Amino acid sequence: MKFSRLKLHGFKSFCDETTLVMEPGLTGIVGPNGCGKSNLVEAMRWVMGENSYKAMRASGMDDVIFSGSGNRPGRNSAEVTLVLDNADRTAPAALNTADILEVTRRIEREAGSVYRVNGKEVRARDVQLLFADASTGAHSPAMVRQGQIGELIAAKPTARRALLEEAAGISGLHSRRHEAELR
Ligand code: ATP
Ligand code: MG
């Protein structure tokens with residue numbers, strides 16, 4: 001699975017629909033302070049199932065919705081779509097249904113989030129597992145926040161183990177076991 005496009009509409013500073021194309025190789029994002037570089041990375045984390053609004057530098061999840069600027073009014077919803085190239089068919093079985101997977105998360109003010117994969121509504125859990133199995137995802141070591149290296153050095157062994165498990169691609173198995181034990 002590879003990321004191929006990120007589409008934003010109404011997410012943070014991206015009021016109008018914006019598409020970031022990720023060609024094979026390295027993608028760099030450059031721009032002046034406050035232009036939205038970190039917002040783009042947060043959009044990726046968000047669509048992969050991030051539940052913590054603090055990780056979005058927000059004081060509530062509705063804060064990810066464009067709140068207006070200058071003469072532009074705020075919006076009532078935000079939507080982010082991550083397009084995955086699944087031509088190698090490495091997506092987890094339940095979602096391994098097509099060569100291209102469009103994972104969408106949409107939030108409406110005061111109504112919470114809805115997730116869809118290729119238009120079909122799925123649980124947040126399904127999306128989180130999809131990315132956990134692919135060794136990526138909102139909490140994976142593939143996403144390095146500012147200050148995170150320092151935190152890792154100071155982390156307790158259990159926290160460090162969780163990171164190694166995510167890197168090894170087995171954290172999805174752990175959360176499935178946890179789900180099974182609850183049943
Ligand atoms: P730096 O180079 O300083 O790290 P950056 O390019 O990473 O900057 P971001 O932090 O991504 O910039 O973007 C910050 C901008 O996003 C601010 O101008 C802020 O007002 C705007 N912003 C954040 N949330 C919203 C929102 N909900 N609605 C509108 N604008 C928002
Ligand atoms: Mg930034």
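Please give the calculated 222 nm ellipticity per residue for the chain, where each DSSP H segment of at least 4 residues contributes -39500 (n - 2.57) and the sum is spread over every residue; nearest 500 deg cm²/dmol? Could the numbers behind the result be given before it?
Details: 5 runs with 52 residues, N = 183.
The helix contribution divided over the chain gives -8500 deg cm²/dmol.
Could you compute Rg(Cα) / (2.2 N^0.38 Å) for the stretch 1-151, with N its residue count?
On the way: Rg = 15.1 Å, N = 151, 2.2 N^0.38 = 14.8 Å.
Ratio of Cα Rg to 2.2 N^0.38 Å: 1.02.
Based on DSSP H assignment, which helices of the chain show an axial Cα extent of at least 15 Å together with a mean Kyte-Doolittle hydropathy greater than or equal to -0.5? Please list the in-between numbers first.
Working: long enough: 37-47 (16 Å, -0.11); 157-168 (16 Å, -0.29); 171-182 (17 Å, -1.25).
Both cut-offs are met by 37-47, 157-168.
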So if I take the centroid of the Cα atoms in the stretch 147-183 and the same for the stretch 14-65, what is the distance between those two points in Å?
23
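Using Cα pairs under 8 angstrom and six or more residues apart, how large is the relative contact order of the stretch 125-179, in percent?
Details: 36 pairs, mean separation 24.6, N = 55.
Once divided by the residue count of the stretch 125-179, the mean separation gives 45 percent.
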Karplus ³J(HN,Hα) for the stretch 50-67 (6.51 cos²θ - 1.76 cosθ + 1.60, θ = phi - 60°; Hz, whole; x = Gly/Pro) runs 4, 9, 8, 6, 5, 5, 9, 6, 10, 9, x, 5, 5, 5, 6, 7, 3, 9
Add +1 for every Lys or Arg and -1 for every Asp or Glu among the other residues with Cβ under 13 Å from the Cβ of Gly60, and state the total.
0
Note: probe point = Cα of Arg72 + 7 Å toward Cβ; backbone nitrogen < 19 Å; residues of the stretch 30-57 passing the test are 30-44
Using the Karplus equation 6.51 cos²θ - 1.76 cosθ + 1.60 (θ = phi - 60°), what ³J(HN,Hα) coupling, rounded to whole Hz, does each residue of the stretch 11-22 give in order, writing x for Gly and Pro?
8, 6, 7, 8, 5, 7, 4, 10, 10, 9, 9, 10
For the chain, set up a Gaussian network in which alpha carbons nearer than 10 Å are linked by springs, and say which option among Glu79, Glu110, Glu121 fluctuates the most.
Glu110
Going 7 Å from the Cα of Ile29 along its beta-carbon direction, which residues of the stretch 65-89 have the amide nitrogen within less than 14 Å of the resulting point?
80-83
Comparing Gly36, Gly137, Gly150, which has the greatest mean-square fluctuation in the GNM of the chain with Cα pairs linked when under 10 Å apart?
Gly150
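Treating the beta-carbon of each Lys and Arg as +1 and of each Asp and Glu as -1, no other charges, what is the dipole magnitude of the chain about its Cα centre, to the nearest 20 debye?
340
Multiplying the sequence separation of Arg5 and Ala98 by 0.36 nm and subtracting their Cα-Cα distance, what value in nm do you get? Numbers along the way, then the final one.
On the way: separation 93, 0.36 × 93 = 33.48 nm, distance 1.60 nm.
Roughly 31.9 nm would be gained on extension.
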Relative contact order as a percentage, the stretch 2-182, C-alpha pairs under 8 Å and 6+ apart, gives 18
Rounded to the nearest 0.05, FRET efficiency between Arg116 and Glu181 (Cβ-Cβ, R0 22 Å) equals 0.15
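Here, each number is a calculation from the coordinates, and none is a lab measurement. Treat the numbers as computed from the prediction; the structure is a model and nothing was measured. Positions of Cβ are generated from backbone atoms using ideal geometry, with glycine treated the same way; all protein chains shown enter the neighbour counts.
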